[in-house]
Each structure stands twice: as structure tokens, then as C-alpha cells.
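A.B. asks: Below is the structure I would like to discuss, written out as C-alpha cells.
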Amino acid sequence: MIRLTIPSIEEDDLKAARDVLQSGFLVQGAQVAEFEKTIASYVGVKHVIAVSNCTAALHLSLLALDVRPGDLVLVTTYSWVATANVIELCGAQPVFVDIQPDTFNMDPELLAKTMGRLMATAETARRVKAILPVHTFGQMADMTAITKIAEQYGVPVIEDAACALGAKWEDRQAGSWGIMGCFSFHPRKAITTGEGGAITTNDDQLARKLRALRNHGLDPEASSPEFIMPGFNYRMTEFQAAFGSSQMKKLDRIIAARRRLAHHYDSLLENDPVLMPAVPSQSFHVYQSYVTLLPNGAAPRRAEIIRQLKEQGIETNIGTWHMPLTTYFRSRYGYRAGDFPASEDVFARALTLPLYENLTAENQNIVVDRLLDTTG
Ligand SMILES: Cc1ncc(COP(=O)(O)O)c(C=O)c1O
């Protein structure tokens, strides 16, 4: 089977985790702090707060901005459901903004329109608390345009950079643009800690609040225990952090391999009816996933195409989710087919191809041959 993804795990990663496990010091030690330092220096930010997963990272980021019941958060339509779920879990309401059909990222023109509409009325203007773009499949959203709109209205941006560690827009790292950035270390990402996440920020006050929220509300700066707010246990374990620090040493190598393999797919798909991912000139794409678009006519058969490829030993998958039409959001807010046409079209046509560091060019050739046969 040519697998969709295989994490790059080597003996030194295992040893790093094993050493910590054998030490008996499994939580709240030096390893998490070390992992945080490594990521901070890589992304180029002052603070990193490691947490149990990216969903926790997103949840804490919203809470750190005091997002409360009745508030509004502008968010992309096309993402893993966690991106919108965390808004609901704060009691706030997502205001969905459709995507660009070629990059799959939040469309800045639609963001400007939606923001303009909300800000034109005092009642909605006071409820707008954040903009939450996603760097979809490892490619950054147009942060130049999004930042400009955010600054115009004085609304903070939280980057959902779950899939985008190492990605850049105009040569600037994902997670260094917004007031906070959220990363995932789930096994489908370039580097993994099993489950795991991190929040990046340059803001001292937010960092302090995030550290307290992650750890039962305990003041991270007090010399004796002070519980300054209600908090969660969203901590990362020491052995995960040691594993993560070891993985970080390979990140650039893994990204280079993924980019090389993605470019090989591009060359195979050039001039084919199955479309390769679009990459704007400002973007350094890290290809957490290589997501193609099936021709319109093949979209209704996508489940069948995935099944047929599997029978031939090739694992593929859909892209991600059109969140407004998932059962919860549709029934809560009454969204209908046609409300967000770009996201809906991409949701129907996207097909993710196998991609991992040690995938061979021969196997990529087989994947594309069979894919083109199957899509006819
Ligand atoms: C865009 C996006 N945001 C958030 C998440 C949630 O990450 P985690 O699984 O680490 O909670 C994911 C997970 O894949 C994701 O793709």
C-alpha cells in the first residue's frame, strides 16, 4: 500500500523520549521549556506555549483575547472542524468567510466585505473580537492583505497554522504574523509529538495568560502558588517535548523533501485535467498535504475514485471540510448549499495524494498514472 502519510520517526527521536520516560520525570520539567525555546527561535517569536494539541492552542488563544458569549470571530469556511468548534466552545459565533478557489485559503476580498458589513453597525462592530485565518494544507493565507484589513479595524488575528510550521509568506514565518499563532504536532504534520500543539506570541501579557490557562490558572510568574484564573490542564508531557525537540532538528530536511516531492507531482500533473495546487509567488508552501482538484465531472465519483485507488494499493483522501455545511453548523445557523460557493466546490473536488518524506518518485508516478486512469 502506498500510504497517504508516514511520520518521519528515527532512532534518535525514540531515544530522546525513552530517556525521559526512564528518568521518571514525565511532566512539568525542563523538556517542555526546551521545546518551546526551539520553536520560538525557529518561528522568530518571543514566546511559545506548548500545549496538548492545536485544538487546545486555538481554544486558549480565543480565551486569552477574552472571546465570550455573543462575540463574533471571522473564520475561513474550509478547515478541520476544530477551527470553528473552538469559537462555539467560547460561546461566540463564527462568521464564515469563503476561500479563494485555487489556494483554498481565506479570500481577503471577501474578508474585507464581511468586515465592512459588520463594522458598519455599532451592534455587530462591538462584538467582533478576532480574525482566524487558516494556513490550509501548509500554505499560508495572504497575510499581507489580511493584516491590512485587521489593522484598519483594529481587530487581532490568530493564525491557525496547525499544518504550517516552516511555511512563509513574503519570507516571514507562519505564526509570526498574527497576535498569536497555533501549531499542531499531530502525526499528519511535518513533525509530530503524537498529539501536541503550541502557541506563538510576542505579547508578554498574553503569554502569561496562556501559561496560566494551560495550567489550572496558576500564575507562571509567582514565587509561591497563586491561582489567578480558572484554567485547564492543557499541558504537554516531558517525553512528548523531548521527542518534539529531536524532531525539530529534522524539520528543514523534511520540508525540503516534501517540497521536492510536491514539485515532482506538479510536473506529472502539468496539463492534466486533475489540477495541481496553486502557489502564489509570495508563498513558501510546506505541503502538509498535496491536495489536487478533480475535474468537475469526476467530483460526484470521488468516493468511488478513492475506493478504486485503495483497491490498487494507493491511499488517498478528501481535502478538509466545508464547515458551514457540517451537521452542527448547518442546523445551528441554517446555512444552505450555495452560501459559500468556492469552499463548497473545493470540498467536493479535492483529493489528497500520498506524501511523506520517504515516498519514492517511482511510487509517485504510479499514483498519478492510476489517478488519471481512474478519473478518466
Ligand atoms: C487547520 C487545523 N486546525 C486545527 C487542527 C487541530 O489540531 P489538533 O489535532 O492538534 O488538535 C487541525 C488538525 O489537523 C487542523 O488541520
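The values are calculated or read from the model by the stated rules, or taken from the named source; none is laboratory data. This structure is a prediction, so every number in the text was calculated from the model and none was measured. Here the Cβ is made from the backbone with ideal geometry for all residues, glycine too, and neighbour counts use every protein chain on show. Protein only, heavy atoms only, side chains kept; ligands, DNA and RNA dropped before computing areas. Shrake-Rupley method; radii C 1.70, N 1.55, O 1.52, S 1.80 Å.
A.B. asks: Residue separation times 0.36 nm, minus the C-alpha to C-alpha distance between Q312 and D102: what's the value? Intermediate values should be presented prior to the final figure.
C.D. replies: Details: separation 210, 0.36 × 210 = 75.60 nm, distance 2.88 nm.
Length gained, Q312 through D102: 72.7 nm.
A.B. asks: Let me ask you something else. Would you calculate a helix-derived [θ] at 222 nm for the chain, using -39,500 (n - 2.57) for each DSSP H run of n ≥ 4 and dividing by the full residue count, to the nearest 500? The partial results should precede the final answer.
C.D. replies: On the way: 14 runs with 155 residues, N = 376.
That calculation yields -12500 deg cm²/dmol at 222 nm.
A.B. asks: Let me ask you something else. Listed here are the pairs K249/K310; K148/K168; K168/K249; K148/K209; which of them are more than 22 Å apart at the Cα?
C.D. replies: On the way: K249/K310 34 Å; K148/K168 17 Å; K168/K249 18 Å; K148/K209 26 Å.
The pairs that break the limit, which is 22 Å between Cα atoms, are K249/K310; K148/K209.
A.B. asks: Report the Stokes-Einstein translational diffusion coefficient (µm² s⁻¹, integer) for the chain, Rh taken as the Kirkwood radius over Cα pairs, at 37 °C with viscosity 0.692 mPa s.
C.D. replies: Details: Rh = 21.3 Å.
Approximately 154 µm²/s, per Stokes-Einstein.
A.B. asks: With each label point set 7 Å from Cα along the Cα-Cβ vector, what nm distance links L89 and M229?
C.D. replies: Spacing of the two 7 Å Cα→Cβ label points: 1.6 nm.
A.B. asks: Right, something else. If you plug each phi of the stretch 141-146 into the Karplus form 6.51 cos²θ - 1.76 cosθ + 1.60 with θ = phi - 60°, what whole-Hz ³J(HN,Hα) values come out, in order, with x for Gly and Pro?
C.D. replies: Working through the residues one at a time gives 5, 6, 6, 5, 5, 5 Hz.
A.B. asks: Would you mind telling me the antiparallel percentage of the DSSP bridges in the chain, rounded to 5?
C.D. replies: On the way: 24 of 39 bridges.
Here the antiparallel bridges make up roughly 60 percent for the chain.
A.B. asks: Let me ask you something else. Work out how much length I366 to R336 would gain on full extension: take 0.36 nm times their residue separation and subtract the Cα-Cα distance, in nm to one decimal.
C.D. replies: Working: separation 30, 0.36 × 30 = 10.80 nm, distance 3.87 nm.
Using 0.36 nm per residue and subtracting the Cα-Cα distance, I get 6.9 nm.
A.B. asks: Under 5 Å between amide hydrogens, which residues at least 5 positions from A50 or on another chain qualify, with H placed 1.01 Å from N in the peptide plane?
C.D. replies: For A50, the qualifying residues are I199.
A.B. asks: Per residue, how much accessible surface does the chain expose to a 1.4 Å probe? Answer in Å², no decimals.
C.D. replies: Values: 15770 Å² over 376 residues.
That works out to 42 Å² per residue.
A.B. asks: Whenever you get a sec, compute what percent of the accessible area on the stretch 251-375 sits on carbon and sulfur atoms (1.4 Å probe). Mind dumping the intermediate values first?
C.D. replies: Numbers: 2810 of 5700 Å².
Answer for the stretch 251-375: carbon and sulfur cover 49 percent of the accessible area.
A.B. asks: I'd like the accessible area for E344: 1.4 Å probe, protein heavy atoms, all chains in place, Å² to the nearest 10.
C.D. replies: E344 has an accessible surface of roughly 50 Å² with all protein chains in place.
A.B. asks: If you build the Cα gyration tensor of the stretch 251-375 and take the root of 5 times each eigenvalue, what three semi-axes come out, in whole angstrom, biggest first? If you can, show how the numbers build up before the last one.
C.D. replies: Values: eigenvalues 144, 68, 36 Å².
Over the Cα atoms of the stretch 251-375, the semi-axes work out to 27, 18, 13 Å.
A.B. asks: Given contacts defined as C-alpha pairs under 8 Å and at least six residues apart, what's the relative contact order of the chain, whole-number percent?
C.D. replies: Numbers: 781 pairs, mean separation 86.4, N = 376.
Relative contact order here is 23 percent.
A.B. asks: Calculate the spin-label point distance for A256 paired with A122, positioning each point 7 Å from the Cα along the beta-carbon direction, and give it in nanometres.
C.D. replies: That separation, rounded to one decimal, is 5.9 nm.
A.B. asks: Tell me the carbon and sulfur percent of the accessible area for the stretch 1-65, rounded to whole percent, probe radius 1.4 Å. Before the final figure, lay out the partial values.
C.D. replies: On the way: 1800 of 3100 Å².
Reported share for carbon and sulfur atoms: 58 percent.
A.B. asks: Have a look at S23, S52, S61 and tell me which one the Gaussian network model of the chain (Cα, springs below 10 Å) gives the largest fluctuation.
C.D. replies: S23
A.B. asks: Hey, what do the phi angles of the stretch 148-153 turn into as Karplus ³J(HN,Hα) couplings, whole Hz, using 6.51/-1.76/1.60 and θ = phi - 60°, x for Gly and Pro?
C.D. replies: Using θ = phi - 60°, the values come out as 4, 5, 4, 5, 4, 9 Hz.
A.B. asks: Looking only at G181, G91, G166, which one moves most when the chain is put into a Gaussian network model with springs between Cα atoms under 10 Å?
C.D. replies: G91
A.B. asks: Rounded to two decimal places and with Rh computed the Kirkwood way over Cα pairs, what is Rg over Rh for the stretch 150-209? Could the numbers behind the result be given before it?
C.D. replies: Working: Rg = 12.5 Å, Rh = 12.3 Å.
With Rh from the inverse mean 1/r over Cα pairs, Rg/Rh is 1.02.
A.B. asks: Also: Which residue, P324, P354, P273, tops the fluctuation ranking in a GNM of the chain built on C-alpha contacts under 10 Å?
C.D. replies: In this elastic network of the chain, the residue with the biggest mean-square fluctuation among P324, P354, P273 is P273.
A.B. asks: What accessible surface, in Å², does a 1.4 Å probe find on V45, ignoring ligands, DNA and RNA and rounding to the nearest 10?
C.D. replies: Here the residue's solvent-accessible area equals roughly 20 Å².
A.B. asks: Turning to a different aspect of this structure: Quick check: convex hull of the Cα atoms in the stretch 86-133, volume per residue, rounded to a whole Å³?
C.D. replies: Cα-based convex hull of the stretch 86-133, divided per residue, equals 70 Å³.
A.B. asks: Counting alpha carbon pairs within less than 8 Å and at least 6 residues apart, what relative contact order, in whole percent, applies to the stretch 61-215?
C.D. replies: Working: 292 pairs, mean separation 27.3, N = 155.
Computed over the stretch 61-215, the figure is 18 percent.
A.B. asks: Would you work out what percent of the accessible area of the stretch 119-163, with all protein chains in place, is carbon or sulfur (probe 1.4 Å)?
C.D. replies: Working: 870 of 1600 Å².
With neighbouring chains kept in place, the figure for the stretch 119-163 is 54 percent.
A.B. asks: Enumerate the calculated ³J(HN,Hα) couplings along the stretch 286-296 in order (Karplus 6.51 cos²θ - 1.76 cosθ + 1.60, θ = phi - 60°), each rounded to whole Hz, writing x wherever the residue is Gly or Pro.
C.D. replies: Along the stretch 286-296, the couplings run 9, 6, 4, 9, 9, 10, 9, 10, 5, x, 3 Hz.
A.B. asks: Hey, what D do you get for the stretch 52-139 in µm²/s if you plug the Kirkwood alpha-carbon radius into Stokes-Einstein at 20 °C and 1.002 mPa s?
C.D. replies: In µm²/s, the coefficient is 162.
A.B. asks: If contacts are Cα pairs under 8 angstrom and at least 6 residues apart, what is the relative contact order of the stretch 35-88 in percent? The partial results should precede the final answer.
C.D. replies: Working: 24 pairs, mean separation 16.5, N = 54.
31 percent.
A.B. asks: Apply 1/(1 + (r/R0)^6) to the Cβ-Cβ distance of K249 and Q152, taking R0 = 45 Å, and write down the FRET efficiency to the nearest 0.05.
C.D. replies: Values: r = 41 Å, r/R0 = 0.90.
Efficiency at R0 = 45 Å is approximately 0.65.
A.B. asks: For the stretch 319-340 and the stretch 103-153, compute the distance between their C-alpha centroids and round to whole Å.
C.D. replies: Taking the Cα centre of each part, the stretch 319-340 and the stretch 103-153 sit 19 Å apart.
A.B. asks: Then there's this: Please list K168, K250, K15, K46 in order of solvent-accessible area, largest first, computed with a 1.4 Å probe with all protein chains present. Display every interim value, and only then the final one.
C.D. replies: Numbers: K168 55, K250 10, K15 100, K46 125 Å².
In descending accessible area the options line up as K46, K15, K168, K250.
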